[in-house]
Structure formats: C-alpha cells, structure tokens
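Following: one structure in structure tokens, then a few remarks.
Where a number appears in this text, it was derived from the coordinates with a stated rule and is not lab data. From a predicted model like this one, the values you see are computed outputs, not experimental measurements. Cβ sites come from the backbone with ideal geometry, for glycine too, and all protein chains shown count toward neighbours.
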Amino acid sequence: MNLESRTDLTPALRIIPRDQHIISRKNVSKAALRVLYRLNEAGYAAYLVGGAVRDLLLGLQPKDFDVATDATPDEVKKLFRNCRLIGRRFRLAHVVFGPEIIEVATFRGLGEEGGEGDRHIVDGRIVRDNIWGTIEEDAIRRDFRVNAMYYDISDFSVRDYVGGMQDLQDRALRLIGDPDTRYREDPVRMLRAARLAAKLDMRIDAAAMAPFETLGPLLADAAPARLFDESLKMFLSGNGLKSFRMLEQCGLLKFLFPATARALKRGDEALRSLVEHGLANTDARIAEGKSVTPAFLFAVLLWGEVRDVAHHWIARGQESTEAWARASAQVVGEQCQRVAIPRRFTFTMEEIWSLQPRFEQIQRKRVFRLMTHPRFRAAFDFLLLRADESPAMRELGQWWAHAQQLPQDVLAAALPAGGGSSASDHVVAAPVAGKPPRPRRRRRKPGGKSGSA
Ligand code: ATP
Ligand code: MG
C-alpha cells in the first residue's frame with residue numbers, strides 16, 4: 001500500500017556541478033573522505049548523503065557524515081578493517097576512526113515485501129527495512145526533500161532527486177511523498193520536522209504540518225528508547241530552546257511530554273520562564289563546550305508537574321518527604337512510558353527535586369549537610385532557576401549563593417543552631433543574607449567537598 005503508492009513519485013534528477021554549489025572537501029571530515037574514496041576505488045558508488053549535504057549547502061558544519069553506497073554491508077566490511085555491522089531494523093556498516101564513526105548505508109529500495117530483501121511493515125509502520133535498491137529509490141524513502149541530496153565523490157557534483165535545493169532556497173521543510181502515509185510509517189518524522197525546523201531556521205511546510213494534530217497520538221506507539229534519543233537531539237544539541245518552542249507551537253509537546261504541556265497550560269508564567277531559562281542555559285553551556293546532563297534538563301521539564309503533585313499531597317496532610325517522593329515517582333513513571341529516561345538520570349532528577357525543600361531549612365547542621373550532598377551543585381543551580389517563582393525564592397537563591405562564598409566558621413556563627421521557627425523566618429533573619437561579611441580565609445570551592453560540619 002504505502003510504499004507502492006510512492007513508486008508513482010518519479011524522481012527528477014537535477015545534477016548540480018562542482019562550480020555551482022558551495023560544498024568543498026575542506027569541510028568534509030578526513031574520515032568521511034577516506035571512506036568515500038576507498039569505496040569509489042573499489043568500484044562502488046559512494047556519496048555523502050542526508051544531513052551532512054544539507055548542512056554543507058547551508059554553510060553549516062555538519063555534526064556527522066553519513067555515506068550511501070551500492071556496496072552491501074558485507075562488501076563494505078570487506079573493504080575496511082575498522083568496520084562493524086550494526087542494526088537490525090536498519091542494517092548498517094560503521095567505519096570507526098578513533099572517536100569518529102562514519103555510517104555507511106546501502107541504498108534502500110522499494111522492493112516487494114517477502115522478496116529478496118527484508119522489509120517488515122506492521123499497521124503501516126516500517127519495523128524493519130533491509131531491501132537494497134537504487135539511488136533513486138534510496139532518495140524517495142528519505143523523510144524531507146532537503147535530506148535527500150547526494151554529494152558524489154567521483155565528480156564532486158550534488159545530485160538532487162526530489163527538489164531539495166528548491167526547499168533550501170525557500171527555507172521550507174517538505175516531506176517526500178504523502179505526509180499522512182509518511183508519518184504513519186514512522187511517527188518520529190513529526191518530531192524530526194520540528195527539530196530540523198528549529199535547528200535550520202526553516203519553516204515546516206503547511207502540508208507537512210497539517211497531520212500533526214491527528215497523527216501526533218501515534219507517537220505513543222513509538223519506541224520509548226528512540227524517543228529518548230530524539231529528545232536528547234532536540235534539547236541537548238545546542239538548539240534546545242528553539243526546539244522546545246517549535247514543539248509547543250506545532251502542538252507536539254503534549255504527545256512527548258504530556259505533564260510539561262499540562263503544567264504550562266495551567267498558565268503559570270513563572271514555570272514557563274523556568275523552563276525557558278533552563279533550556280537557554282543548557283544551550284549556552286553547549287556553545288561554550290561545557291558538559292550538560294540530561295538529568296538536569298528533564299528535571300526542569302517535569303518540575304511544574306512534580307511540584308504541583310507534591311503540593312497536592314502535602315495539602316492532604318502527607319508528610320513533605322513522602323509527598324515529594326510520591327510525586328517524583330508518579331511523574332517519572334508516567335513520563336517513562338513515553339520517553340525511556342534511563343534510571344541513572346531519573347535517580348538524579350529525583351535527588352534534584354527532593355533537595356529543593358531542604359534549601360528552605362536554614363539551620364546550622366542542615367545547611368552544612370546540604371552543602372556536602374553530592375547533588376548539591378545541580379540542586380543549587382536548579383534553585384537559581386526558580387527565582388521567578390516568588391520574591392522569597394529569589395532571595396533564597398541569593399542567600400545560598402552568598403553562603404557558599406563564606407568561610408565555614410563565619411557561616412556557622414551566622415546560622416541558628418536549629419529548631420523552633422519556620423524556614424522562611426530563617427531566610428529573612430539569617431544575618432549573612434543582609435550584610436555579607438568579607439571572606440577572611442580561602443574561599444570555598446563551589447561544589448567542592450571541603451569540610452564537613
Ligand atoms: P542531524 O543534523 O540531526 O544529524 P540528519 O537529517 O542528518 O540531522 P540523521 O538522523 O543523522 O538526521 O539521519 C540522516 C539521514 O537519514 C537524514 O538526513 C534522512 O535522509 C535519513 N533519515 C533519518 N531519519 C529518517 C526517518 N525517520 N525517515 C526517513 N529518512 C530518515
Ligand atoms: Mg546526521
């Protein structure tokens with residue numbers, strides 16, 4: 001049905017010669033060039049393909065280089081010592097050069113199911129696709145027209161089968177073939193549309209956008225592990241904020257992060273600001289080459305719901321620690337049915353959340369205990385993001401920022417020993433919050449393990 005209906009999509013090849021496009025071998029990784037040349041010398045067709053060609057044509061530096069060839073995975077393996085075959089759903093060759101991996105894929109065809117190759121379709125979804133074909137067939141089974149261009153290593157021309165060049169000029173993402181069919185085959189293409197539109201500053205063509213509302217629910221059937229990978233690509237590739245806004249604008253957020261969409265819909269502007277700041281900080285860290293953790297990011301995205309659920313249980317008389325634990329488990333449990341966030345990250349998220357109420361307990365022992373908690377740094381960064389929640393929260397963040405700068409004895413002397421009055425009283429009353437004494441000794445390293453009180 002679906003695939004057959006696409007055979008009427010006769011590709012019209014346009015060859016753009018070397019002197020009419022901007023791709024230069026200088027911008028292609030050495031590893032990718034070696035793979036292309038080796039394949040070509042062995043008599044196979046070898047092309048750079050997909051995102052790399054698209055990005056190079058836009059003047060961007062690709063983050064990875066994919067190669068397409070008419071050599072089968074086994075033939076590729078024979079040519080490269082540093083090669084391993086991977087994948088079941090899509091069999092591929094990985095050629096490994098130190099930290100760099102060049103993905104080499106054999107042209108995929110539109111052959112009949114049960115034929116020579118191996119394609120498996122369940123309810124219109126492609127669950128396995130290992131039928132080899134021609135480059136024309138390979139082009140039209142790709143998702144967007146801008147993703148179906150090939151850079152030919154034999155003459156440095158670009159081969160455009162489906163009008164990708166035109167779309168780059170129009171700055172529009174258009175699907176190859178019938179949008180409805182293509183999204184049913186693979187609902188993750190909807191997320192790819194949003195992600196690529198954000199990354200490339202392109203608009204999603206109206207026909208490609210139209211099915212989102214009706215077909216978005218199909219994302220519930222996509223593999224949660226794949227949705228986790230896709231979420232990382234959206235939020236941890238340096239375009240997190242733009243991707244998030246695009247997802248929301250396209251109405252796709254609710255299918256991927258229902259709790260986030262729900263909390264934002266309750267109209268809480270402070271929460272929106274927290275989420276947007278969190279994503280913007282992450283983008284900035286990536287731009288500076290600093291490390292980022294998925295745990296912090298998911299903690300940001302799900303915070304609104306966790307907080308509201310925890311408050312719900314506290315209002316019903318549940319003890320605070322228990323209420324937070326219960327809320328975390330509930331929200332994480334629901335989210336992981338969609339997006340499989342690995343346990344090591346959900347564990348950290350739960351810690352970041354559960355430490356939040358502890359920042360309000362400004363008593364000597366508790367302050368020092370919190371400061372030496374292994375997750376203190378992340379939880380403190382999170383607290384700073386919450387500044388817009390209320391003036392008290394902003395003040396609390398400032399207090400903790402200052403407290404970390406103080407020598408321990410000065411801080412200890414300024415803190416009440418504990419018991420009695422409420423957390424908020426202490427924040428306001430804590431002497432260090434008002435007039436910061438000058439540090440006399442070595443400064444405490446942020447996040448350092450110095451001293452245990
Ligand atoms: P990025 O900049 O994130 O790497 P990309 O377009 O290169 O974007 P990849 O996941 O690296 O994304 O995929 C490489 C190519 O494989 C795409 O350009 C596209 O041609 C094809 N492709 C990827 N995912 C799909 C899909 N779900 N359906 C059809 N074709 C796909
Ligand atoms: Mg890519």
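Some notes on this structure:
- Residues W303, W353, W132 in ascending order of nearby Cβ atoms (within 10 Å, fewest first): W132, W353, W303.
- Modelled label positions at R285 and A225, each set 7 Å beyond Cα in the direction of Cβ, lie 2.6 nm from each other.
- Label-reachable residues, the range 35-67, where backbone N falls under 17 Å from a point 7 Å from E75's Cα toward its Cβ: 35-48, 67
- For K265, the aspartates and glutamates whose Cα comes closer than 12 Å to its Cα, not counting residues fewer than 8 places off in the same chain, are E248, E305.
- Positive end of the dipole of the chain (Cβ unit charges, origin at the Cα centre): among H311, V96, L415, the Cα lying farthest that way belongs to L415.
- Computed from Cα atoms, the angle from the helix 188-200 axis to the main principal axis of the chain rounds to 80 degrees.
- Top positive-direction residue, dipole computed over the chain with Cβ charges, set Y37, T346, H402: H402
- Here the chain is treated as a Stokes sphere of Kirkwood radius computed over C-alpha pairs; at 4 °C and 1.567 mPa s its diffusion coefficient rounds to 52 µm²/s.
- Here S154, S231, S237, S354 are placed in order of increasing Cβ neighbour count within 10 Å, fewest first, which gives S154, S237, S354, S231.
- Computed about the Cα centre, the dipole magnitude for the chain is approximately 2640 debye when only Lys and Arg (+1) and Asp and Glu (-1) carry charge, each at its Cβ.
- Principal axis dimensions, largest first and in whole angstrom, of the range 209-354 by Cα: 46, 39, 30
- The angle separating the long axis of helix 320-336 from the principal Cα axis of greatest extent in the chain is about 0 degrees.
- Dipole magnitude for the range 17-125: about 480 debye, using +1 per Lys or Arg Cβ and -1 per Asp or Glu Cβ, origin at the Cα centre.
- FRET E, pair R171, S320, Förster distance 35 Å, beta-carbon r, rounded to 0.05: 0.10
- For the chain, calculated [θ]222 nm from helices alone, where every DSSP H run of n ≥ 4 adds -39500 (n - 2.57): -14500 deg cm²/dmol
- The stretch between E276 and D201 holds 25.2 nm of extra length on full extension. This uses 0.36 nm per residue minus the Cα-Cα distance.
- Alpha-carbon centroids, the range 35-62 and the range 326-342: separation in whole Å: 40
- For the range 2-170, the square roots of the Cα gyration tensor eigenvalues, ordered a ≥ b ≥ c, give a/c of at least 1.5 with a/b no greater than b/c, which places it in the oblate category.
- Sorted by Cβ density within 10 Å, fewest first, the residues R364, R108: R364, R108
- Pairwise centroid distance, computed over Cα atoms, of the range 346-385 with the range 150-217, Å: 44
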